[in-house]
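What follows is a set of notes on a single structure, which appears directly below.
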Amino acid sequence: MELTWYGLGCFRIVERGYPAVLTDPFDEAESGLTLPKARVDIITSSVLLERPEAKRWKGLRKEGHILAGPGEYEIGGLFITAIATYRDRVRGTKLGQNVVYAMNFNDVVVCHLGALGSPLTQSQAESLGRVNVLLLPVGLPEGLTPTMASEVVSLIEPEIVIPMDYRLPELKVERGPVSRFLKEMGLAHVSPVTSLKVTASNLPEETQIVLLSPRVTIEG
């Protein structure tokens with residue numbers, strides 16, 4: 001399985017024999033970033049959409065299925081569990097609900113926390129099941145603080161943590177720096193990689209923080 005990051009909460013996740021997944025595609029004009037032009041079979045949205053079929057993202061080669069709410073899904077052999085959480089620190093009273101997705105790619109479970117704004121409960125974590133790769137928002141203005149983010153890591157105990165939704169030079173929207181989270185985790189510096197390939201047999205024994213270099217181009 002290979003993960004490529006495009007900035008904010010947008011990842012393309014591919015594994016041979018499974019549908020290609022794109023998480024939280026963004027508005028290109030608003031963000032200043034560019035969506036991938038590669039094939040997409042499933043889109044997951046952490047924002048609850050009443051009419052997901054009416055939501056479209058320019059530049060995507062193919063949209064396929066759009067998931068925008070909690071539930072259990074099976075598409076092309078890919079099993080996905082989605083649960084409702086909150087987008088802020090006050091139980092959704094400011095920003096509403098957030099959807100978290102756990103996706104099983106050939107026995108490697110990737111959990112995308114979306115725009116999570118408050119720590120998961122024990123019950124929520126248990127409903128996601130075993131998580132190997134955690135995609136964790138660390139720079140949202142109304143989102144998890146570095147301490148909260150580290151608590152989520154401790155609760156879920158993934159083998160790999162990939163920070164997302166933090167400040168980039170290309171971004172037109174406000175985000176905090178990733179350095180605060182790294183400091184909370186006791187790390188002074190982590191060298192970014194362009195993409196990450198993971199199999200069930202090469203997972204690290206202890207939790208590892210991986211920074212991905214976003215595959216971006218500047219708009220305008």
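The values are calculated or read from the model by the stated rules, or taken from the named source; none is laboratory data. Small disclaimer: the values here were computed from a predicted structure and weren't measured. Glycine gets a Cβ as well: all are built from the backbone with ideal geometry, and neighbour counts include every protein chain shown.
Please find, within the stretch 8-28, the residue that is farthest from residue 105 (Cα to Cα) out of those that are in contact with an Asp or Glu (Cβ under 7 Å, 6 or more places away or on another chain) and not in a strand (DSSP E or B). The selected residue is 28.
Scanning the stretch 51-80 for residues that are modelled with pLDDT of 65 or more and either in contact with a Phe, Trp or Tyr (Cβ under 7 Å, 6 or more places away or on another chain) or assigned to a loop (DSSP other than H, G, I, E, B) (or both) returns 57, 60, 64, 67, 68, 69, 70, 76, 77, 78, 80. Look at (1) at pLDDT 95 or above; (2) surrounded by fewer than 19 Cβ atoms within 10 Å (Cβ to Cβ); (3) not small (Gly, Ala, Ser) and you find that residue 13 fails only one, number (2).
Taken across the stretch 149-158, residues that are of a type outside the set (A, V, I, L, M), part of a helix (DSSP H, G or I), out of contact with any Ser or Thr (no Cβ under 6 Å at 6 or more places or on another chain) and surrounded by 12 or more Cβ atoms within 10 Å (Cβ to Cβ) do occur, with at least one present.
Just so you know, in the stretch 183-211 the residues that are of a type in the set (A, V, I, L, M, F, W, C) and in a strand (DSSP E or B) include one that is nearest to residue 136 (Cα to Cα), and it is 209.
Across the stretch 121-144, which residue is surrounded by the most Cβ atoms within 10 Å (Cβ to Cβ) among those that are in contact with a helix residue (DSSP H, G or I) (Cβ under 6 Å, 6 or more places away or on another chain) and in a loop (DSSP other than H, G, I, E, B)? Restricting to residues being in contact with a helix residue (DSSP H, G or I) (Cβ under 6 Å, 6 or more places away or on another chain) and in a loop (DSSP other than H, G, I, E, B), the top hit is 138.
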